[in-house]
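Enquirer: Dropping a structure here in structure tokens format, bear with me for questions.
The values are calculated or read from the model by the stated rules, or taken from the named source; none is laboratory data. In this text, all values refer to a predicted model and were calculated from it rather than measured experimentally. Here the Cβ positions follow ideal geometry from the backbone for every residue, glycine too, while neighbour counts run over all protein chains shown. In case anyone asks, the SASA skips ligands and DNA or RNA and just uses the protein heavy atoms, side chains included. Shrake-Rupley method; radii C 1.70, N 1.55, O 1.52, S 1.80 Å.
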Amino acid sequence: MTSVTVRVPAKVNLQLAVGPRRDDGYHDLVNVFQAVSLFDEVTATTGPGAGGPLTSGDVTASVVVEGEAADQVPLDATNLAVRAAFAVGARAGRPVDVALRIRKAIPVAGGMAGGSADAAAALVACDELWGLALPRDELMDIAADLGSDVPFALLGGTAVGTGRGERLTSLAGGGEYHWVFALADGGLSTAKVYAECDRLREATGEPAAWPEASARLLAALEAADAKELGESLTNDLQPAAVLLHRPLSRTLAAGREYGALGALVSGSGPTCAFLAGSADHARELALALDVAGVCRATVTARGPVPGATVIGATA
Ligand code: C5P
């Protein structure tokens, strides 16, 4: 192959139960993810690209980023897609190079795992580009090393994540769900939101419970009951995200007022997610939020959708 393009979805958390802080600084979670139809695209091409060359061992990579808030994505070796290319290239057993082009639609630092999605897409694209055919388990292990949400971006669908979110079990339930996402001005650092969650718990003296999957939420998914699902959405990071980004309380209240079946901060925020009853309802709700001026922009999406998928390749 000389060029491979991979499409990768954003995620929304249907439940994010955050346990106590572990000795390694992470938190044990129960994280029910759903992949939604808001996609980034990553193209991996052999040879030097427009970006500055970055090297790690025998791997040379470059990266350029276009689209939604592209200027906020790092172009150095901290870029998660570049780190993914380095990790896959280290298994090639020969010198390899790649030029990565990322087309962003997923908000940057928005709580929708955009960086993790790009890493997952780069993993799949580089594996294909270099003809490595790494086993799925190995790609999943590399993904987990790159970040807690990267394995889910490979898997897609709806799944429960445990550990720091990286140990996944797919949920089979049928149904299609319609979402509205209210994008905020600016982003929130995931690490800062977890730290704020810890601080709030210390301040209130409320110990963090061991995280458990919500039986009501799992039953709603099993029954493909959107109304019931809307009522069982929960996110333990929400109070911390709202404290760090106060306008979110108004955004969430507006969505509920305009008839969302459920409203919550997506992951560590600041994107807010609203469950709608149908595609039409989602469009109406998005328009109402736009007109109310309670967010920077809205997008509608459906879920679940598959994880990182090759959509084009040139021999
Ligand atoms: O794994 P990832 O790099 O995506 O995590 C970003 C940050 O989010 C971590 O550095 C940590 O502060 C926080 N985090 C956590 N517990 C998790 C997942 C992430 O505290 N289970």
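Enquirer: If the reach is capped at under 28 angstrom between alpha carbons, list the lysines near Lys192, excluding any in the same chain fewer than eight residues apart.
Expert: Lys11, Lys104
Enquirer: How far apart, in nanometres, would the label points at Ala315 and Ala105 be if each is projected 7 angstrom from Cα along the Cα-to-Cβ direction?
Expert: Each label point lies 7 Å from its Cα, and together they span 3.0 nm.
Enquirer: So how far apart, in nm, are the two label points at Asp137 and Arg283 if each is 7 Å from Cα heading toward Cβ?
Expert: 4.7
Enquirer: Between Ala223 and Ser170, what is the FRET efficiency for a Förster distance of 30 Å, r being their Cβ-Cβ separation, to the nearest 0.05?
Expert: 0.95
Enquirer: If you roll a 1.4 angstrom probe over the protein chains with everything in place, what fraction of the accessible area of the stretch 177-303 belongs to carbon and sulfur, to the nearest %?
Expert: 53
Enquirer: Could I ask something else about it? In vacuum, with every alpha carbon of the chain counted as one equal point scatterer, what does the Debye formula give for log10 I(q)/I(0) at q = 0.07, 0.08, 0.09 Å⁻¹? Two decimals, please.
Expert: -0.26, -0.35, -0.44
Enquirer: Still on this model: For Leu217, what charge total do you get from the other residues with a beta carbon under 14 Å from its beta carbon, if Lys and Arg give +1 and Asp and Glu give -1?
Expert: Summing Lys and Arg as +1 and Asp and Glu as -1 gives -4.
Enquirer: Lys227: which aspartates and glutamates have alpha carbons under 19 Å from its alpha carbon, excluding same-chain residues fewer than 8 sequence positions away?
Expert: Candidates past the 8-residue exclusion: Glu176, Glu257, Asp280, Glu284.
Enquirer: When the Cα atoms of the stretch 139-293 are enclosed in a convex hull and the volume is divided per residue, what value in Å³ results?
Expert: Convex hull of Cα atoms, per residue: 125 Å³.
Enquirer: Could you give the angle, 0 to 90 degrees to the nearest 10, between helix 136-146's Cα long axis and the longest principal axis of the Cα atoms of the chain?
Expert: Long axis of 136-146 versus the principal axis of the chain: about 70 degrees.
Enquirer: Using the basic label-point model (7 angstrom from Cα toward the beta carbon), what is the Arg250 to Asp198 distance in nanometres?
Expert: If labels sit at Arg250 and Asp198, their model points lie 3.2 nm apart.
Enquirer: So, R0 is 25 Å and r is the distance between the beta-carbons of Ala70 and Arg91; what FRET efficiency does that work out to, to 0.05?
Expert: Once the sixth-power term is evaluated, E becomes 0.30.
Enquirer: Got a sec? Charge dipole of the stretch 163-315, +1 on Cβ for Lys and Arg, -1 for Asp and Glu; which of Pro304, Ala172, Gly277 is way out at the positive end?
Expert: After comparing all options, I get Pro304.
Enquirer: Within a Cβ distance under 14 Å of Ala92, other residues only, what is the Lys/Arg minus Asp/Glu net charge?
Expert: Neighbourhood net charge equals -3.
Enquirer: Quick one: if the Förster radius is 25 Å, what FRET efficiency do Glu212 and Ser56 give, using the C-beta to C-beta distance and rounding to 0.05?
Expert: My answer for the efficiency is 0.05.
Enquirer: Counting heavy atoms of the protein chains only and a 1.4 Å probe, report the per residue accessible area for the stretch 3-170 as a whole number of Å².
Expert: 35
Enquirer: Calculate the translational D of the stretch 1-130 in whole µm² s⁻¹ from Stokes-Einstein, where the hydrodynamic radius comes from the Kirkwood formula applied to all Cα pairs, the temperature is 20 °C and the viscosity 1.002 mPa s.
Expert: 140
Enquirer: Separate question: Between beta-carbons, use under 15 Å as the cut-off and find the net charge around Thr234, counting Lys and Arg +1, Asp and Glu -1.
Expert: -2
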